[in-house]
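To start, the structure under review is shown below, and the notes come after it.
The values are calculated or read from the model by the stated rules, or taken from the named source; none is laboratory data. Here the structure is a predicted model, which means the values were calculated and not measured. Virtual Cβ from ideal backbone geometry, glycine too; neighbours counted across all protein chains shown. In case anyone asks, the SASA skips ligands and DNA or RNA and just uses the protein heavy atoms, side chains included. Shrake-Rupley method; radii C 1.70, N 1.55, O 1.52, S 1.80 Å.
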Amino acid sequence: MAEAEMMQVNFSVNTLDVDVQPMNSSILKSLGMRAAASSVLTDIQYYLKNTVTGKIYSGEQKLSSVGNTEFGNISLWIPAGTYQLVFFGYGVDNSTGTASMYVEKDYNRAMINLKNKDSFYFKTEKTIETENGQVDINLSRLNSKLVIRLNDAVSSDIKKIKARMTYYPLFNTQDESVTYEGSSGVASVMESYLTIENESVNEFGFYLLPQTGRTLILSVYDESDNELGSCSVTVSFYKNKKTIVEGNLFDVITQKPFVVTVSDEWDEDVVVPIQ
């Protein structure tokens with residue numbers, strides 16, 4: 001069988017409805033406004049799979065390597081044909097988090113590993129048949145975000161507040177499911193101490209993939225690391241939405257129920273009760 005003609009294809013990557021302006025703006029949502037890749041992202045990774053031959057073309061573009069002007073413009077020479085396209089990007093928000101997309105060659109698929117990083121994603125199927133054709137790639141936010149807000153003043157005997165939760169960090173782009181990493185079959189653990197400052201608790205945030213039925217445990221300790229109290233709540237996370245756990249610190253000690261909501265700062269509200 002003769003090889004298909006090679007085509008130069010230009011991919012123009014933008015982010016759709018990203019929080020460059022507040023995402024709860026009705027104007028932004030109704031117009032489906034796009035933001036330039038360089039205003040939101042620092043890294044773009046791509047995966048193209050020919051649906052007939054199975055051949056994969058993958059790569060990465062970094063803002064630091066190409067500069068603002070060229071970032072988001074990706075030009076490839078590939079044979080004409082129909083392709084599964086997956087584009088993934090992440091930005092500067094939370095420098096301590098990590099995110100990457102890689103190819104699992106044994107399964108011929110792209111996987112995304114996301115741990116506490118605000119990230120953006122697009123998947124489609126596209127037929128490439130025109131020389132120098134342009135394909136617009138509009139990334140939308142892939143992840144959710146856990147937000148913890150404890151509102152009342154911190155008493156002098158409280159020295160540490162710990163948040164702990166297991167979660168799945170891997171996203172299978174083939175069936176868009178989430179799973180554990182490695183071969184252990186065990187979920188990853190998020191464990192962090194909330195910052196106490198000026199007798200109050202700073203808001204805590206953690207980015208993660210959409211998933212349901214996770215258990216968040218909040219524990220309070222004195223200066224000798226004795227536990228003063230703890231509470232647990234089942235929470236779920238949704239694409240492009242913040243799940244907000246909010247209440248008073250005293251409620252953690254007394255295990256009193258308080259409210260969990262899913263914020264519309266990114267998208268529409270969902271309310272989840274804490275037991």
*asked:* Please go through (1) polar (S, T, N, Q); (2) open to solvent by less than 40 Å² (accessible area, probe 1.4 Å); (3) farther than 28 Å from Met165 by Cβ for Asn113 and return the number of the only condition it doesn't satisfy.
replied: (3)
*Among the residues of the stretch 90-99, how many are in contact with a Gly (Cβ under 9 Å, 6 or more places away or on another chain) and in contact (Cβ under 8 Å) with a residue 60 or more places away in the chain?*
1
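Could you check, for the stretch 187-210, whether at least one of its residues is within 18 Å of Asn240 (Cβ to Cβ) and of a type in the set (Phe, Trp, Tyr)? Spell out how you get there, then give the answer.
The first filter runs over the stretch 187-210 and keeps only residues within 18 Å of Asn240 (Cβ to Cβ), leaving 205-210.
Remaining after also requiring of a type in the set (Phe, Trp, Tyr): 206-207.
Checked against the condition, which is being within 18 Å of Asn240 (Cβ to Cβ) and of a type in the set (Phe, Trp, Tyr), the stretch 187-210 yields at least one hit.
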*Going by the structure shown, is Ala163 more than 30 Å from Asp106 (Cα to Cα) and touching a strand residue (DSSP E or B) at 6+ places or on another chain (Cβ under 8 Å)?*
yes
*Quick check: anything in the stretch 198-214 among the small types (Gly, Ala, Ser) and closer than 19 Å to Lys145 by Cβ?*
yes
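For the stretch 207-221, name all the residues that are in a strand (DSSP E or B) and open to solvent by less than 20 Å² (accessible area, probe 1.4 Å). Spell out the reasoning first.
Filtering the stretch 207-221 for residues in a strand (DSSP E or B) gives 207-208, 211-221.
Tyr207, Leu208, Gln211, Leu216, Leu218, Ser219, Val220 - these are the residues of the stretch 207-221 that are in a strand (DSSP E or B) and open to solvent by less than 20 Å² (accessible area, probe 1.4 Å).
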*Please determine, by comparing only the residues of the stretch 69-103 that are among the polar types (S, T, N, Q) and within 27 Å of Gly205 (Cβ to Cβ), which one is modelled with the lowest pLDDT.*
Asn94
_From the list Ser230, Ser192, Ser224, exactly one residue is farther than 15 Å from Tyr168 by Cβ, at pLDDT 95 or above, part of a strand (DSSP E or B) and open to solvent by 20 Å² or more (accessible area, probe 1.4 Å). Which is it?_
Ser192
*How many residues does the stretch 195-206 contain that are surrounded by 12 or more Cβ atoms within 10 Å (Cβ to Cβ), in contact (Cβ under 8 Å) with a residue 40 or more places away in the chain and not β-branched (Val, Ile, Thr)?*
5
